[in-house]
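The values are calculated or read from the model by the stated rules, or taken from the named source; none is laboratory data. Owing to the predicted nature of the structure, the values given are computational and were not obtained by experimental measurement. Glycine also receives a Cβ, built like all others from the backbone with ideal geometry; neighbour counts cover every protein chain displayed.
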Amino acid sequence: MRIPVIAGNWKLFKTIGESITLVDELKPLVANNHGVEIIVAPVFTALSRVYDAIEGSNILLAAQDCYWEEEGAFTGEVAPRQLKDAGCSYVIIGHSERRQYFGETDLTVNRKTGAAIAAGLNVIVCVGELLAERELDQTFSVIETQIKGGLSGLTAEDLTHVVIAYEPVWAIGTGKTATDAQAQEVHIFIRQLVARLFNPSVADAVRILYGGSVKPDNVKGLMARPDIDGALVGGASLKAESFAAIAGFNV
């Protein structure tokens, strides 16, 4: 039985005060949501304060990125153990914006993922194709390359700490959403690929999220598909009411 995950990626929004206000508004709205993991991912500067605000609630904390070294002369980077120290349970790695704007590659995703797991964090590994790649019928080959590269060298035990997020780049922040059938098609491909790379039991257990303009009015249809185990939510996670509505898809 895979426990659904609803994760809110706040990206480069919210000050510390605004972040605390948001989770304070969110807590009572999701307090009775059972059978789902609810995660928020604020900016680095707000992490520890948000952790204090959500402590004792059913909301978990994630960071939006990390580095693969524990410490050293790496100005501007944040280590997995520092995220753990700030209260994080999860870290998002390989988001398409990191790939597009900051030079993230499958190799760096792999290094960060291994380091995060070693530090005791769970990892949301993001994969997804560009519009041009979908139009050229390259979706599956792109996803396979990203999964193989990002998860290279990991063990079946490591995979118990990995959540995979499929985020078609053409659907992020555009208002476009993959149809339920399109999303399910890629999700089942990912699950079958994990079965080949690891084993069927790992594939049955791994949770695969959909990310790409998820909103209260489309989440139920997505979540009704058998291989979609949750959502990585962007814009709709910046307001307590809309994110709570998404997290309450099963209520």
Go through the range 1-25 and give me each residue that's more than 23 Å from GLU97 (Cβ to Cβ) and not in a loop (DSSP other than H, G, I, E, B). GLY17, ILE20, THR21, ASP24, GLU25
Given the conditions (1) closer than 20 Å to ARG2 by Cα; (2) free of Cβ contacts under 8 Å to residues at least 60 places away in the same chain, and given that ALA132 satisfies all but one, which numbered condition is not satisfied? (1)
Among the residues of the range 139-170, count how many are aliphatic (A, V, I, L, M), over 15 Å from the mean Cα position of the chain (by Cα) and assigned to a helix (DSSP H, G or I). 2
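Could you look through the range 54-64, keep only residues that are among the small types (Gly, Ala, Ser) and surrounded by fewer than 20 Cβ atoms within 10 Å (Cβ to Cβ), and pick out the one that is farthest from LYS27 (Cα to Cα)?
If we filter the range 54-64 for residues that are among the small types (Gly, Ala, Ser), which is where we start, we get 56-57, 62-63.
Still in the list and also surrounded by fewer than 20 Cβ atoms within 10 Å (Cβ to Cβ): 56-57.
Numbers: GLY56: 10, SER57: 7 Å.
Out of the qualifying residues, it is GLY56.
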Got a number for residues in the range 28-48 being under 16 Å from ILE6 (Cβ atoms) and either of a type in the set (A, V, I, L, M) or buried (at least 18 other Cβ atoms within 10 Å of the Cβ) (or both)? 11
Could you say which residue among TYR67, TYR51, TYR90 is under 30 Å from LEU107 (Cβ atoms), among the hydroxyl-bearing types (Ser, Thr, Tyr), in contact (Cβ under 8 Å) with a residue 12 or more places away in the chain and surrounded by fewer than 23 Cβ atoms within 10 Å (Cβ to Cβ)? TYR67
Candidate set from the range 94-147 (those that are farther than 16 Å from GLU77 by Cβ and of a type in the set (Asp, Glu)); member that is modelled with the lowest pLDDT: GLU135
Can you pull out the residues in the range 98-116 that are surrounded by fewer than 19 Cβ atoms within 10 Å (Cβ to Cβ) and either farther than 16 Å from ILE147 by Cβ or among the aromatic types (Phe, Trp, Tyr) (or both)? GLN100, TYR101, PHE102, GLY103
Scanning the range 216-238 for residues that are surrounded by fewer than 16 Cβ atoms within 10 Å (Cβ to Cβ) and either touching an Asp or Glu at 6+ places or on another chain (Cβ under 6 Å) or without any contact (Cβ under 8 Å) to a residue 40 or more places away in the chain (or both) gives ASP217, LYS220, GLY221
